[in-house]
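Notes for the one structure printed next.
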Amino acid sequence: MQKSQARKDASHPWAKELKVALIHDFLLYPGGAERVLEVLAEMFPEAPIYTLLYDPEKMRGKFSGKDIRVSYLQKFPKFLRKRYQWLLPLFLVVPETFDLRDFDLVISSSGAWSKGIVTKLNTIHIAYIHSPMRFVWDYNERYLKEQGQKKICLLKRFILSYARLWDRLAADRPDYLIANSKYTQERIKKYYRRESTVIYPPAYIDVVARSEAARQSRSNKDSVITPGSLDFARDEEKFFLVVSRLSPYKKVDVAVEAFNKLELPLVVIGEGKQEKYLKLIARGNIQILGWQNDETVERYYSGARAFIFPAEDDFGITMVEAMSHGIPVIAYGKGGAIEIVQEAVTGEFFHAQTPEVLADGVRRFMEKEKKYDKEKIRKKAEEFSKEKFKKEFREFVNHITYNV
């Protein structure tokens, strides 16, 4: 599909010509998908952002000043909005209520619902797919077990089955699909029977600044934050690090149990419904810090011994952030990690999501730790920069709208 009055001048400021809208599932907590949306909002600064639900407090200032347009779900009582999973049946219809008639180009940033918008005939819809809805496809049975509510299991199973049908039909609505990894591209082809283009998500990488931060953290003991009982100021490079949303499918509990056995220092940064549970099972060598601001996270990255990534994720932007500091990654060897981590060059893989196998991966890393080259690790991270994302996304839009 091309606009009827397409320009072919590649130097023309297309972003100002097109009237653009951005659509995102939820703005309820900052994560990798929200990083992508931030960069899209930089590229299209005048574009309003449509979303099903918005919590400015939880977003902690991100997207402040932007034109945020929420669905009617925002008018629901706060206790319902906090338990938004209860509203799942409504998510199947709410995206269709957004009025997008005035826009030439609509870009949905979708891990679930936003690709289901309805646009007029001459509007181009690009869907950036973070993942086909994992909890209705390949994570379906595990998701039901994790809910632990047997009395309504049959009802949930019916709702998820219906959501799977909706997801398959909704995936036909965008004109173009962009996948955030080759792994996601394969899942799109399997579940949606559609082709897609891979554009890796943008990681915030400033190699010069991060190299300097790493040097400062080694030379200035006071620059390393020292919460709780672990003496990072004394031994700043001797801790392992997890930065993740604390949800069951992220498998942070596997990392905590592994380090309980290893008795090595581990720092976990992130928030989510598993936070209390993780604090309960963590021994004295492990700190669960909850949410931390970007500056604090950066300083932990620069002082970490290695980064632990126990999830099977579609991409895994935190792995890139760690690598941009020259930090090796110990990752579960499936999903997007295979496209990011080079074994024995930028990290190590383990091949089962169990504490014992993860612990073995940590031991293998420690045996060859001195062989890792921080500059090679940083160089690999540059393949996933924000600048590269912007360039590739701009070229994609130019091609489909201006045929250049």
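The values are calculated or read from the model by the stated rules, or taken from the named source; none is laboratory data. These numbers were taken from a predicted model, which means no experiment stands behind them. Remember, those area values only see protein heavy atoms, side chains included, never the ligands or the DNA or RNA. Shrake-Rupley method; radii C 1.70, N 1.55, O 1.52, S 1.80 Å.
Summary table below
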quantity	calculated
Built amide H within the under 5 Å cut-off of T197, gap 5+	L177, I178, A179
Segment 30-69, relative contact order in percent, only Cα pairs under 8 angstrom and at least six apart counted	47
Residues of type aspartates and glutamates that K190 reaches as a straight line, Cα spacing below 14 Å, ignoring anything fewer than 8 places off in the same chain	D138, D167, D172
Long pairs among K250/K379; K82/K251; K115/K251; K250/K276; K78/K279; K250/K334, criterion Cα-Cα beyond 20 Å	K250/K379; K82/K251; K115/K251; K78/K279
Solvent accessible area, Å² - R164, 1.4 Å probe, full protein context	60
Residue-by-residue Karplus 3J(HN,Hα) for segment 59-70, coefficients 6.51, -1.76, 1.60, Hz, glycine and proline x	6, 6, x, 5, 6, 5, x, 7, 7, 8, 10, 9
Cα gyration tensor shape for segment 260-404, rounded if a/c is under 1.5, else prolate or oblate	prolate
Integer Hz, Karplus 6.51/-1.76/1.60 couplings in order for segment 278-292, x for Gly and Pro	5, 5, 5, 8, 6, 8, x, 7, 10, 10, 9, 8, x, 5, 9
Accessible surface of segment 280-404, 1.4 Å probe, proportion on carbon and sulfur as whole %	49
L169, L289, ranked by accessible area, largest first (probe 1.4 Å)	L169, L289
Accessible area expressed per residue, segment 250-404, with surrounding protein chains retained (probe 1.4 Å, Å²)	41
